[in-house]
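Colleague: Dropping a structure here in structure tokens format, bear with me for questions.
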Amino acid sequence: MRQELQRPRGTQDILAPISSRMEQLRRIAIDTATRYGYDLLETPIFEQSAVFLRVGESTDIVQHERYTFTDVGGVDLTLRPEGTAAVARAYVENGMANKPQPVRLCYYGPMFRREKPEALRYRQHTQFGAELYGSTQPEADAEVILLACATVEAMGLPAPLVRLNSIGCSVCRPQYRASLLEYYHSHEEELCADCQSRLETNPLRLLDCKVDIDIRDRAPDIKDYWCADCAAHYAELVALLEASGRTVVRDPFLVRGLDYYTRTVFEIAHPSLGNRAALFGGGRYDGLATTLDGPETTPAVGFGMGMERILSVLEDKNLTPERRIYVAHIPGSEADAFVLAEHLRQEGFPIDTDLLRRSLKAQLRDASKRSNIVIIVGGDEWAQFKQVTVKDLAQNEQRTMPVEDLVPYLQQLS
Ligand SMILES: [Zn+2]
Ligand SMILES: [Zn+2]
């Protein structure tokens, strides 16, 4: 196929059976969120670009990775790169701040980032997330983190590890930021190029560096700068998570990439990904909705998980196929087989048929690849007594029965 006709770089076609598995994960995610009281919110997959520009002017997403275009009406639009900003926009725009708090929302759908293509980095990926609005209390952070844990467990992953930190608040973070800058400036010549520019744009992200590990390890710890309120919030959050049976470790280097976090930041880790890698993360962002013309204080905490990442660590990537039934015909009975197949589908059975008018032998070969039950329509038994032959390929059994017995027989098999 000519290159210009192929799918865009960094995207994927999701075929069966992975597509079924993804659909199952979607149901599990939304069901789990529903159990915790979260309502599904569907926002457009594109927003006016200002929404994403407002929430994080110095993030990588905004600078390099946006899919932004001007439509024929001259409106500046961006395919959403993440869910949080769009949910915040919807929260403000739909007046949810005036509804009884807290407001619990979850979302599921495609996100778009023009990332450098590499393993598990897709330019269109699928994200599930939850956002809790209206509570500053540690119970809110705890509930969101517990929902994140419950979701990955419901999807079939082992009990996750919660890596936790607090990046402080507007009272205590400026002092930490100043100390961090002072420390890193004293090591400026030793820093990698990325960190040299982070010194100017986003000092907290210096701790994210995977290169300057030695310098990072000796950097000031934000824990020593927390104000009394931040320290209490963190301690109460840890206590709630541990009392709920979750394993929590503090990660002093965890700061998350996005600018709008306040206090809590967390990552959900999985043993298969090694020490520092995370499955996904989230945190608290009390100032986010305010940047989108929301009320002066709009506490919010949430997470977003990339479903492709989750799928990659699931051992069982395929759904156990449902018991599929193949309706075959003896040549001459194509129409009878066709009608029987339709009748069985209406009764709720998953049915395959031939449609190519092949020989019975060719149909049976085909059936063995996609089904475990074959119903053969035609021949003398059909002509005289309306009887069909049912072959159970798994059990290697065969029986003949009147067509009206077929539905109860198939029902007791499943
Ligand atoms: Zn503080
Ligand atoms: Zn660096």
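The values are calculated or read from the model by the stated rules, or taken from the named source; none is laboratory data. Because the structure is a prediction, the values reported are computed rather than measured. Please note: Cβ atoms are built from the backbone with ideal geometry, for glycine as well, and neighbour counts cover all protein chains shown. Heads up: the accessible areas ignore ligands, DNA and RNA and are worked out on the full protein's heavy atoms, side chains in. Shrake-Rupley method; radii C 1.70, N 1.55, O 1.52, S 1.80 Å.
Colleague: Hey, can you tell me all the residues within the range 337-357 that are touching a helix residue (DSSP H, G or I) at 6+ places or on another chain (Cβ under 7 Å) and open to solvent by 20 Å² or more (accessible area, probe 1.4 Å)?
Modeller: Glu347, Phe349, Asp352, Thr353, Arg357
Colleague: Let me ask something else. Among the residues of the range 16-24, is there at least one that is at pLDDT below 95, in a loop (DSSP other than H, G, I, E, B) and open to solvent by less than 60 Å² (accessible area, probe 1.4 Å)?
Modeller: Yes.
Colleague: State all residues of the range 110-126 that are more than 19 Å from Ile268 (Cα to Cα) and open to solvent by less than 60 Å² (accessible area, probe 1.4 Å); if no residue qualifies, say none.
Modeller: Residues satisfying the conditions are Pro110, Met111, Phe112, Arg113, Glu115, Pro117, Tyr122, Arg123.
Every residue, every condition in (1) among the hydrophobic types (A, V, I, L, M, F, W, C); (2) open to solvent by 30 Å² or more (accessible area, probe 1.4 Å), yes or no:
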| residue | (1), (2) |
| --- | --- |
| Cys230 | yes, no |
| Val265 | yes, no |
| Ala278 | yes, no |
| Glu296 | no, yes |
| Glu308 | no, no |
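Colleague: Something else about it: Quick one: what pairs do we get from the range 66-79, first residue modelled with pLDDT of 95 or more, second loosely packed, with under 10 Cβ neighbours inside 10 Å, C-beta under 6 Å, 6+ apart or different chains?
Modeller: Leu77/Asp71
Colleague: Quick one: Pro252 ticks every box in (1) of a type outside the set (Phe, Trp, Tyr); (2) assigned to a loop (DSSP other than H, G, I, E, B); (3) assigned by TED's automatic domain parsing to the domain that holds Thr151; (4) more than 16 Å from ligand 1 (Cβ to nearest atom) bar one, so which box is it?
Modeller: (4)
Colleague: Please state which one of Thr68, Thr78, Thr34 is open to solvent by 70 Å² or more (accessible area, probe 1.4 Å), in the same structural domain as Leu120 (by TED's automatic domain parsing), polar (S, T, N, Q) and not in a loop (DSSP other than H, G, I, E, B).
Modeller: Working: Thr68 fails: open to solvent by 70 Å² or more (accessible area, probe 1.4 Å); Thr78 fails: open to solvent by 70 Å² or more (accessible area, probe 1.4 Å).
Only one candidate passes the filter, namely Thr34.
Colleague: Being within 16 Å of ligand 1 (Cβ to nearest atom), surrounded by 13 or more Cβ atoms within 10 Å (Cβ to Cβ) and outside any loop (DSSP other than H, G, I, E, B) is the filter here; which residues of the range 180-227 pass it?
Modeller: Leu180, Leu204, Ile222, Lys223, Tyr225
Colleague: Among the residues of the range 1-12, what is the count of those that are out of contact with any helix residue (DSSP H, G or I) (no Cβ under 9 Å at 6 or more places or on another chain) and not in a helix (DSSP H, G or I)?
Modeller: Here is the first cut: in the range 1-12, the ones out of contact with any helix residue (DSSP H, G or I) (no Cβ under 9 Å at 6 or more places or on another chain) are 1-11.
Among the residues that remain, those that are also not in a helix (DSSP H, G or I) are: 1-2, 6-11.
Number of matching residues: 8.
Colleague: Give the range 218-274 a look and list any residue that's within 16 Å of ligand 2 (Cβ to nearest atom) and either over 22 Å from the mean Cα position of the chain (by Cα) or modelled with pLDDT of 95 or more (or both), or say none.
Modeller: Arg218, Ala219, Phe253
Colleague: Now a separate question. Among Gly156, Gly129, which is the only one that is under 25 Å from Ala243 (Cα atoms) and surrounded by fewer than 22 Cβ atoms within 10 Å (Cβ to Cβ)?
Modeller: Gly156
Colleague: Would you point out which residue out of Asp208, Asp194, Asp214 is acidic (Asp, Glu), outside the structural domain of Arg256 (by TED's automatic domain parsing) and modelled with pLDDT of 90 or more?
Modeller: Asp214
Colleague: Another question about this same structure. Looking only at the range 159-179, which residues are in a loop (DSSP other than H, G, I, E, B) and open to solvent by less than 60 Å² (accessible area, probe 1.4 Å)? Steps first, answer last, please.
Modeller: Looking only at the range 159-179, we keep the residues that are in a loop (DSSP other than H, G, I, E, B), and these are 159-160, 167-172.
The answer is Pro160, Ile167, Gly168, Cys169, Cys172.
Colleague: Among the residues that make up the range 164-179, is at least one of them away from ligand 1 (no atom under 16 Å from the Cβ), among the hydroxyl-bearing types (Ser, Thr, Tyr) and modelled with pLDDT of 95 or more?
Modeller: No, the range 164-179 contains no residue that is away from ligand 1 (no atom under 16 Å from the Cβ), among the hydroxyl-bearing types (Ser, Thr, Tyr) and modelled with pLDDT of 95 or more.
Colleague: With the condition kept exactly as written, say whether any residue in the range 363-379 is more than 15 Å from Tyr326 (Cα to Cα), open to solvent by 20 Å² or more (accessible area, probe 1.4 Å) and modelled with pLDDT under 95.
Modeller: Yes, the range 363-379 has at least one match.
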